[in-house]
Amino acid sequence: MGLKERLFGIIPEEDRRRISPHFDVIGDIAIIALPENLKGYAPVIVDTIKSYRHGIRTVLGKVENVSGDCRTARYEIITGDTTVTTHHEYGFSYRLDLSTVFFNPRLASERRRVTSQVQAGESVLVPFCGAGPFVIPAAARGASVVAVEKNPCAYRWLLENLQVNRCNGRVTAVCGDASDTALLPPQPFDRAIIPTPYGMDAILGILAPCVRPAGMLHFYTFKNRKQSEELEQTLTRAGYHVTTRRRCGNVAPSVSRWVFDLRKAGHPDRNTEISGNPG
Ligand SMILES: C[S@@+](CC[C@H](N)C(=O)[O-])C[C@H]1O[C@@H](n2cnc3c(N)ncnc32)[C@H](O)[C@@H]1O
C-alpha cells in the first residue's frame with residue numbers, strides 16, 4: 001500500500017486525491033511536494049511516511065524545482081535536522097548534502113544499465129558527474145575514469161565518496177567546466193557518459209572529439225518524442241551508430257529525459273563532428 005492509500009480516511013477525500021502518490025527517498029531523507037493549500041497536512045503525511053518507511057529521519061518539502069548551474073532544488077525541512085545523508089545504490093554509497101548537490105534516485109537502474117557496459121581497462125570520461133553515481137560503478141569495474149564537476153560542493157562530496165568506495169586510485173577528479181577540454185588529461189577516451197544538464201546539448205559536439213573512433217558515448221538530453229526522433233536522424237547522418245534511444249524519466253508534461261547510446265564510426269573521417277546544439 002502506498003502513501004495515498006494510507007491517507008484514506010485521514011485526509012478529506014477531495015484533498016487526498018490531490019496528493020502525489022510518489023515521493024523520492026534519498027538515504028534516510030524523504031522528499032515530498034505539496035501544493036501550497038495542502039501544506040497544513042504535512043505533519044500527518046510525515047507521520048504516515050514514517051510509520052511504514054522506518055529508516056526515514058528527515059522529511060523535506062520541495063519548495064522549488066531543480067534549477068541553476070548546480071541543478072539543485074530548494075527544500076524546506078519539515079522534520080529532522082539535516083539535509084546531509086548517505087544513499088546506497090547497488091552496493092555503493094553516496095554521501096551528499098541535498099541542499100547543495102543534485103541527486104536523482106530514480107536513475108539508479110539507468111546508471112546500472114550504462115555502467116555495466118564498462119569494461120576493465122577502459123578510459124572513461126564522466127562530465128557533470130555530481131557526487132559520483134556514474135563514476136564510482138565505472139571505476140569499480142576496473143576503468144580509469146576522468147570525472148568533471150563544476151559545483152565545488154558536489155566536487156567535495158565526490159572526493160569523499162571516491163575514498164569511501166575505495167576507488168580514488170582509478171579516478172582523476174577535476175573541479176571545473178566540462179566544456180573546457182583543456183582541463184582534461186591526454187585523450188582519447190574509450191567511452192564518455194554525459195548526463196547533460198538541461199539546455200547544454202552543445203556539449204556533445206565539444207566532447208565527441210575526445211572519444212576515439214569506434215568508442216561509445218552515452219548522451220542524455222531533454223526532449224519531446226518528436227525531437228528525440230529527429231535527433232536520432234541527425235546523429236545517424238553525422239555517422240554515429242545509435243545503438244539505443246530510450247526514455248528514462250519524465251521531466252515536464254511532454255518533455256522526457258532521453259539517453260542515446262552512440263558508437264562513433266570506426267574511421268575518423270566517417271563522423272561529421274556535431275557543432276552547436278544537435279537538436
Ligand atoms: C544533471 S546533474 C547530474 C549529476 C550526476 N551525474 C548524477 O547523476 O547524479 C548535472 C551536474 O552537472 C554539474 N554541472 C553543471 N554545469 C556544469 C559544467 N558546465 N561543467 C561541469 N559540471 C557542471 C552540476 O553541478 C550537476 O552536479
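Things worth noting here:
- Hits in segment 22-38 (condition: over 22 Å from D97 (Cβ atoms) and under 19 Å from the mean Cα position of the chain (by Cα)): H22
- Apart from one condition, A73 fits all of (1) closer than 21 Å to N250 by Cα; (2) among the small types (G, A, S); (3) more than 15 Å from the ligand (Cβ to nearest atom); the exception is (3).
- Residues in segment 179-200 that are under 13 Å from F134 (Cβ atoms) and not in a strand (DSSP E or B) were compared, and the one that is farthest from the ligand (Cβ to nearest atom) is T196.
- Among residues of segment 224-279, those that are farther than 26 Å from R71 by Cβ, surrounded by fewer than 15 Cβ atoms within 10 Å (Cβ to Cβ) and either among the polar types (S, T, N, Q) or in contact with a Phe, Trp or Tyr (Cβ under 7 Å, 6 or more places away or on another chain) (or both), counted: 4
- Among the residues of segment 50-76, those identified as modelled with pLDDT under 95, under 27 Å from R18 (Cβ atoms) and of a type in the set (A, V, I, L, M, F, W, C) are V63, V66, A73.
- Residue selected from segment 258-279 under the condition touching a residue at least 40 places away in the same chain (Cβ under 8 Å) and in a strand (DSSP E or B), by the criterion nearest to F222 (Cα to Cα): V259
- Unique match (being in a strand (DSSP E or B), surrounded by fewer than 15 Cβ atoms within 10 Å (Cβ to Cβ) and not small (G, A, S)) among T221, T172: T172
- Filtering segment 126-144 to residues that are surrounded by 23 or more Cβ atoms within 10 Å (Cβ to Cβ), farther than 16 Å from E160 by Cα, hydrophobic (A, V, I, L, M, F, W, C) and within 12 Å of the ligand (Cβ to nearest atom) leaves V126, A138.
The values are calculated or read from the model by the stated rules, or taken from the named source; none is laboratory data. Every value quoted in this text rests on a predicted model; they were computed, and no experiment measured them. Please note: Cβ atoms are built from the backbone with ideal geometry, for glycine as well, and neighbour counts cover all protein chains shown.
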